[in-house]
Structure formats: structure tokens, C-alpha cells
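The values are calculated or read from the model by the stated rules, or taken from the named source; none is laboratory data. Being a predicted model, the structure only gives us computed values, none of them experimental. Note that each Cβ is placed from the backbone with ideal geometry, even for glycine, and that neighbours are counted across all protein chains shown.
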Amino acid sequence: MQIGVRVSLCLVDDLSGIDVDFLEESVPTSLFPERSKAEFSKMTKRRPAGIPPIRALTSFLPARLACIGPEADIDRLLLYAEDIFQRAKRIGVNTIVFDSGRSRRLPSDFPQFLALDQFVDLLQCFGPVARRYGLTLVLKPLDRGECGLVNSHMTGAGVVKKCNMPNVQLLLDVAGMVRRGEPPRDIRRFAGMIRHVHVANSGNATRAPGAELAPYFAVLRESGYDRSISIDCPQKDHRRRLAASLKILRKQLKQAGY
């Protein structure tokens, strides 16, 4: 299992000595999509030395680019995605997290079944582009307060299945499952689609990632998942708290059989 940390290097730049396999950053702070390609090249050279490689990125689409509803512009979305995927490949990223709650907000007068069809069509357009750059796009279910589309892992699994593309898969948000009351047994129903896992840092090093997550790790192990998992990096006192959280995470993974 590859263990990483979700971090914003513009806020936390000292990760020396932190024992992780990779970093998970965001599209805006790693790829600078509002900057020219020449500026992007210059800015990537300024990264701190000695940090783990960036392998995954969150915050795929900005709020200004609606991906569902009457305002969605497929040509504009594809142009944006092409640029993002190209830049991601240049810095060694292999996974793009499709979270982007504000882009996925469901217009109040737009039927959800039409939005889901539209969303599947969009993913089928993104898939071949991402594949060309060696990337996997992983769909993250979000809470209803974040968006009105794909609010459970079962719904997300249905979208991925309907999309039917090898590099459009599912992200497992363990803390989200706990928060929304999705039982660990559900994982068995979509385990083959999982390509990345998120674990939240509760902010309390004695609880993060939390004993309540242990049953989810156990089912993950039983299902044969052994890819990547990342945990949030606390912004305050991050070195001490992150080290404590990673220790607990590794202990729970070991107890689950990893």
C-alpha cells in the first residue's frame, strides 16, 4: 500500500523527514491553470527540494466551469482538461481526483436523471484524453451540501460502471462513508472500481484516522485493494500531528492485514 499526504505546498512547505510515498496536491496550486505554459514551467522549478513526488491532484475543475446543467460547455471543458492532463503528466502525476463540488452543483430546475446522463457523457469524453497522458480519473462522492450529484459511493459506482472506461474509476472516501452512514460492507460491491482512497485527519492526533475507520480498512483488505491511500495534512503544528496521524494510520492498516 502506497501512503501519501494531502497537502498544499504553498501553505506547508517543510515536509522533510515525513515518511510517506507520495504527496497529493491540488490542480490550482500545482498546475497553475490560469498561468501560461511558460509560466507553469518556471513555477514548477521553484518547488522545495527533497519532498516526495506529487502523484495525485484534487480540485480538478474550477467553479466557473459547470460540468452539468444548461451552462455546461463540453468543448470548453475538454480544452481545459487537455491542458490540465498535459501539465499533470509533466510533473509525474498519475491520478486526478474528480471532486469539484461547485462545478458539479445541480441547478434547481434541472432533472437529476438528465444531469447523471450528462455527467456520464462528460466522463466518457474525459477518459480517452486522460488515458493519452497515462492518467486515471477517480470520481469522488461528495456530501449533498457540496453538490447535488453523486452523493454516495453506490451512486458513484453506478456512474463508473455506466461510463465503462478503464481509466475512469472510483475514489473511496472512508471518512465520507462514516459521515454519511454508508456501511463497510458496501465496499465489497464496488471494490474492483477503487483506484485511490482518502482518509481525513480529524485534527486530533489521538483519533486520526479514528478507530471507527478500522472496519472499512478490514473490508478493503479482504477485497484485495492494495494501491494508494492519502491522509490530510494539518496546517497547524503539522509535523508533529501528521507524524502521529501516520503512525495511527499504519497501525490500523497493519491490524487490517496490510
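The criterion of being exposed (fewer than 14 other Cβ atoms within 10 Å of the Cβ), free of Cβ contacts under 8 Å to residues at least 40 places away in the same chain, basic (Lys, Arg) and not in a loop (DSSP other than H, G, I, E, B) does not hold for ARG64. Just one of the numbered conditions (1) among the small types (Gly, Ala, Ser); (2) more than 17 Å from the chain's Cα centre (by Cα); (3) outside any helix (DSSP H, G or I) is not true of GLY92: (2).
Set side by side, the residues ILE51, ILE84, ILE74 differ, and just one is without any contact (Cβ under 8 Å) to a residue 60 or more places away in the chain, among the β-branched types (Val, Ile, Thr) and surrounded by 19 or more Cβ atoms within 10 Å (Cβ to Cβ), which is ILE84.
Starting from region 169-194, take each residue that is over 18 Å from VAL97 (Cβ atoms) and list its partners that are exposed (fewer than 15 other Cβ atoms within 10 Å of the Cβ), counting only C-beta distances under 6 angstrom and pairs at least six apart or across chains. Filtered contacts from region 169-194: VAL178/GLU212.
For the condition surrounded by fewer than 17 Cβ atoms within 10 Å (Cβ to Cβ), in contact (Cβ under 8 Å) with a residue 12 or more places away in the chain, outside any strand (DSSP E or B) and not acidic (Asp, Glu), what is the one hit in GLY69, GLY134?
On the way: GLY69 fails: surrounded by fewer than 17 Cβ atoms within 10 Å (Cβ to Cβ).
After applying the criteria, what remains is GLY134.
Among helices (runs of 4 or more DSSP H) lying entirely in region 137-192, which contain 2 or more residues that are under 14 Å from PHE119 (Cβ atoms) and modelled with pLDDT of 95 or more? Step through it out loud before you land on a result.
Working: elements: 153-163, 174-180, 187-190.
By residue number, 153-163.
Just one of the listed residues (GLU82, GLU39) is charged (D, E, K, R), over 18 Å from the mean Cα position of the chain (by Cα) and farther than 22 Å from VAL138 by Cβ, and it is GLU39.
In the set GLY148, GLY127, GLY156, which member is in contact (Cβ under 8 Å) with a residue 24 or more places away in the chain and under 18 Å from SER59 (Cβ atoms)? Matching residue, one of GLY148, GLY127, GLY156: GLY156.
Considered as a group, the residues in region 17-33 that are polar (S, T, N, Q) and surrounded by fewer than 22 Cβ atoms within 10 Å (Cβ to Cβ) include one that is modelled with the lowest pLDDT, and that residue is THR29.
Restricting to region 149-158, name every residue that is crowded, with 19+ Cβ neighbours inside 10 Å and aliphatic (A, V, I, L, M). Correct list: LEU149, VAL150, ALA157. For PRO128, the conditions (1) within 25 Å of GLU25 (Cα to Cα); (2) out of contact with any Phe, Trp or Tyr (no Cβ under 7 Å at 6 or more places or on another chain); (3) surrounded by 15 or more Cβ atoms within 10 Å (Cβ to Cβ); (4) not charged (D, E, K, R) all hold with the exception of (3).
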